[in-house]
Every structure is written in structure tokens, then in C-alpha cells.
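The numbers here are math on the coordinates, done by the rules we state, and not lab data. What you see is a predicted model, and the numbers here were worked out from it, not measured in a lab. Every residue, glycine among them, receives a Cβ derived from its backbone with ideal geometry; neighbour counts consider all protein chains shown.
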Amino acid sequence: MKEQGSISIHTENIFPIIKKFLYSDHEIFLRELVSNAVDATQKLKRLSALGEVKTEVNSNPRVEVAFNKKKKTITITDSGIGMTAEEIKKYINQIAFSGAEEFVEKYKGKGDEEQIIGMFGMGFYSAFMVADNVEINSLSYQEGAKAAKWTCDGSTSYEIAPSKKKYIGTEIILHLAKDSEEFLEESRIQGILDKYCKFLPVEIKFGTKEEQVEDGKDKDGKPKYKSVKKDNIINDPNPLWTKAPSELKDEDYISFYKSLYPFSEDPLFWIHLNVDYPFNLTGVLYFPKVKKDFEIQKNKIQLFSKQVFITDEVKDIVPEFLQLLHGVLDSPDIPLNVSRSYLQADGNVKKINSHITKKVADKLASLFKNDREAYEAKWDDIGIFVKYGMLSEDKFYEKAKSFGLLKNLEGKFFTLDEYKDKVKDTQTDKDKNLVYLYTNDASKQHAFIQSATKKGYDVLEFDSMIDSHFINFLEQKLEGTQLKRVDADTVDKLIAKDEEIASVLSKEEEEKVKAIFEKAINNTNMQVALESQSVDEMPVVITMSEFMRRMKDMAETGGGGFNMMGGMPDSYNVSVNANHSVIGKVLAAKKEADQIKIAKQAFDLGMLSQNMLSGKDLTDFIERSVELMAGKAKK
């Protein structure tokens, strides 16, 4: 017999609230209903295995999604546990929710709506976001149970009546509202299923698809093919991360990676996670080849809950530096309807975050220890991960000190301790500071590198986007150590020693040379100073101080408060080598115009060595060079 009643809630406005506020994205309804169907199927499977099911059950259970454009319906059918009329009244009619108006007032627009749904078990009611009428047709697995049909038109009234359903399971029929008819397009439904249900543990059927199968041979003995219709199973019920690592080969991991990221290069390596205490977590994290463009690589880790896709924004679950990784994480401890505030506050999420950091550090340490040569070969790709991790996570830094590497211009690699031992004898200055020299562009800074190597100094290579931050970080961590870019000063000042080179000029001559160069340069942003250097060094060296250059680098890569540096005019030091023969020629020239010409030529050489000469200045330099060479030839 039919029965009518009211859904047990404390407001008449619950369904408009569900439709407008509880989910930011209406497509979630299909994920919720298919997930419920999968749960029901798995429950029946477990009960059957325990011998508690007396009636015959489907040996190959699956969930089916179908739509009827003419009738404007979407149907989700399962062969799961089913419900009796009493169970429908218990689980569907009594919404564990009160004070709906207060809820909307408190949570609307704060990003917590989905968390509240998950807390109150309202996944089924997401159906009313897209439907103005919903039917449930169900037959319980219980012996002697009778099928029941529940209908509701989106108000708080419902009707429940006997049903003619013959097979165990549940069928949910959504009669779509006019503003939701977009969900009657096959491609739209397929897209939602691919996004959320691709790895559900029960087969999901959505219509049929045509496949080419072999059909004998033609007269030439070549195989013939014919088109056949097959069930369109949209998911892989046993994805790679659910299997034991011992069952898998490298090819399996690479194949799965390619299925997730079809156009990517093969990953460098991977970490298979399988934790059951103190929280549940499975998954596979891949180290991709990222080189220097790591900013575009984020949001590649997919988060699942019991094989149901949740999100690919995992910033609270995965440490920031590991968001450059690719792969999947699956934890039943994270609810489907999850909000940012939930992730930030949940204890299990924090434990997962720490565990992932530890597992990645352990993996890298193992790779370094077991095959250093192979590890070094991958450093150009993984160095960004390691440096980023050292910068952002103290616990990771403590572990990474043993496998974080520095690379010099010879292509040799050193741990932090190894490099300290390598250069401490030659690169300790008169104040007992250890000085590491580095370049961020070896071709542009070649002249400065050459001067340093003539002194027996080693030069490190720091040329990735993250290195301007990493250099500052190393100075903070490495006591008594300074890092200087190889073109930040003259070589004798980069690593100042006790011994000094005497100047061949008198004080008066130095003042005269300085005045000539200031007149030749005529630029207040160029600070001229005479220095006593080796005669082998350049006559003029133009540098920007390490501090100024580093602040500008930090500003360019998002260095917070350093952004103001980006708008300041560049200021340079012009070091004139008092002992160079060219300076003698400046003084020897009888006419001021000739003095200025030689000085300007020496200055432009310094500019050229820093790739700072262009336009008219470069043309003038070339013409002056020709003139000076021609004059010398005539003499």
C-alpha cells in the first residue's frame, strides 16, 4: 500500500538550500550517487562472503549509468545491498540536519559548505541540485524482502509504495530540472564519470561503444575486421596503487604514469606509498622531469578517497615543495566532501603531510647512497625538488644535508660537507670567512670566471629559478660562509687576503685617473674607484655589489619585500686597475681628449665583458676600436 509523509527536517527551505549553497559545482551529484551505488555493491559483496546473504546475488556486480534525453532522466542502477521500505524511511526521510536557515547564515560563502554536507550524510540529496523529481526503486538482499519505491518532488513531502523490482539492488531516477538539461548530453556525463569515477572499485557501465575486432581473413590472407558494440566500462576497478609493489614491474608504473599524463616524458623514479597506521594512505608519487619551468607543473597530484576522485589541489595534504610531483594519493580518512578548513585542521591530514615528506626524503637518501652516479645524472631534474624542500621544510633540510648537492662548472657534484672540505684551504678570506663563488650564467660571466680560476678558485653553478632564494638560505644555514657571484667584485676583493698588491701610481696620479674616467663615463650610477690589481687583470672591471644584485634577483622571482628593488635604478662599481698598462697610456696622453678616448675605450671593454654594451654605445665602441687600430698601424 502507498504511504505518504513529510521528510523529517526543521525547515521548508531545505531543498533550495541544497540546490544553491551546499555544492559549488553541480556536477558533483553524479559522483555522490555513483559512489553510494558502489558502496552498496561492496557491502553486499562483503555480506555474501560472510555467508549472510541467502538469496542469489549477481556474480559480476556493476553500477550502470544511463540517460534518456526524451524523458529527461538520468538513472543510476546498482546490484548492491538494496533497501526495504523501512530502511528508505530511516536513511532517506530522516535528514540528520536541523536549523537550515542558521547553517546558511553561518557558512554561506566561507568555503565550508561541502564539509557540512559530508558531516551530515547528505550526499544523496545532491540529486536535488539538478532534479525536480527523484525516484528510488529498491529491493533489499534480505530474505523475503519486498521491493519499495520512493518518490519526492523536491518539497518535504514524499510517497512510498510497493515496487515491481525483481532484482536485488537500487535504481535512482532523476527527472532533471529545466536549468540542468546540460547533464543530458552524453559527452557531459562521460566527462564527469571520467573525472570522478575512473578508478572506482566496482565496474561502472555507461552505454556502449564500438570496437574493431578481427573477423577472419580476406582472400589475400590478411586479417579482416568488423565493428561490434561492447559495454562502455569507464573505469579501472584495480588501479596500480591498490596493488602490492612486489606484483609490479617498472613498465607497470610507467604505463600508469602515461595513462595519467599522456604527453609527458617518462618519470625519473617513483615512490609507492602503503600505510595503514596511524592513518590509511596508499598511492604512487612520481618525480617528473621538470628542469627550470617548475611553476607550470603544479596541481598534478590527484587526491582520492576510496578510489573516488576528490581534487587535484592538494596543498594542505602534500608539502608545498612536493606539489611539483605527479601521481595519486588515496586515503579513506579524507571525506569526499572536503573543504579547505577541514584539511587545514584535520589531524590525519597533518600526519599524512609529515609522512609524505619523510618517505620522499628516505627515497632520495636511498637513491644517493645506493647509486650516487645515477643520482647525480638526475640532479638537474630533481635538484629543484631538493632545494625547494630544504628551503621550506626544516625537517627535510636536516635529512637532505646528506644528499643535497652543489654542482661546479666542471660538472662535479659535492654534498655540503664535501664542498666545504674542497675549498676551505683556498677560499677562506682574511676574516676567516669561507667564500663560495658562483655563476648564474657561465657564458656571460666567462671573463670573471677565468680570473677566478686563474687564482685557483672553484666556481659553483646556480642557474635555476629557485637559486636566488637558495643562495640566501645557504648563507643562513652555513656558519661562517658567504656566497658571492663571480662578477660581484674584482677577484682580489671577492676573497680578500692579507697580502696586498702595491699601486704603481702616486696618490696624485690616482686622483687624476679617477677624474678622467668619471668625465669619460659621465654617469652618476657608475661609482669609479682605483684599485691595485695584478697586471694580468682587466684594465676596468664593472660590477654590481652582491647585495644589490641579490636583492634584484629576489625581486624578480617574487621575493616579497624586495619587490621595491625592481624599480630602483641599477648602480655599478667601476674598478680601474691602477697597475694595468692601459692606465699608463691614459696618463701618458698629452691631450685631454685622447685621455678621455682611451679611458672610454677601457670602460666600454668592461661594459662589453658584462654584456652591457648596446645600441649607439656599441657602435661608437666599434668605430673607436677601428680608429685606434688604424692609428697604431700608421705609427
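For the pair I501 and K289 in one chain, pulling the backbone fully straight at 0.36 nm per residue adds 71.4 nm over the alpha carbon distance. Put simply, when 132-142, 454-464, 385-395, 45-55 are sorted by average Cβ atoms within 10 angstrom per residue, most first, you get 132-142, 385-395, 454-464, 45-55. Only lysines eight or more places from K226 in sequence, or on another chain, were considered; those with a Cα closer than 20 Å are K209, K217. Here are some pairs, K401/K424; K359/K422; K422/K497; K512/K590; which of them have Cα atoms lying more than 20 Å apart in this structure? Those over the limit are K359/K422. Note on segment 404-494: semi-axes of the ellipsoid equivalent to its C-alpha gyration tensor, largest first and rounded to whole Å, are 17, 16, 13. FRET efficiency for the F547 to K422 pair, using the beta carbon distance and R₀ = 35 Å, is estimated at 0.85. Listed values for segment 360-377 are Karplus-derived 3J(HN,Hα) couplings in whole Hz (6.51 cos²θ - 1.76 cosθ + 1.60, θ = phi - 60°), namely 5, 4, 4, 5, 5, 4, 5, 4, 5, 5, 7, 8, 4, 4, 5, 5, 5, 5, and x replaces Gly and Pro. The C-alpha atoms of the chain define a longest principal axis, and helix 250-260 lies at about 80 degrees to it.
Here the gap between Q4 and E410, fully extended at 0.36 nm per residue and compared with their Cα-Cα distance, gives a gain of 137.8 nm. In the list (i) 139, 124, 59; (ii) 105, 69, 39; (iii) 120, 68, 53, the label attached to Cα extents along the principal axes in Å as derived from the coordinates here is (iii). Computed from label points 7 Å out along Cα-Cβ, the spacing between K519 and K195 is 7.4 nm. Taking the chain as the reference, fit the longest principal axis to its C-alpha atoms, fit the long axis of helix 507-521 to the helix C-alpha atoms, and give the angle between the two in degrees, 0 to 90, nearest 10. That helix lies at roughly 50 degrees to the long axis. Each stretch of four or more DSSP H residues adds -39500 (n - 2.57); spread over every residue of the chain, this sum gives -11000 deg cm²/dmol at 222 nm. Estimated from the Cβ-Cβ distance and a Förster radius of 22 angstrom, the FRET efficiency linking K512 and K432 is about 0.05.
You can think of it this way: the chain between K164 and D441 has 92.0 nm of extra reach, that is 0.36 nm per residue less the Cα-Cα gap.
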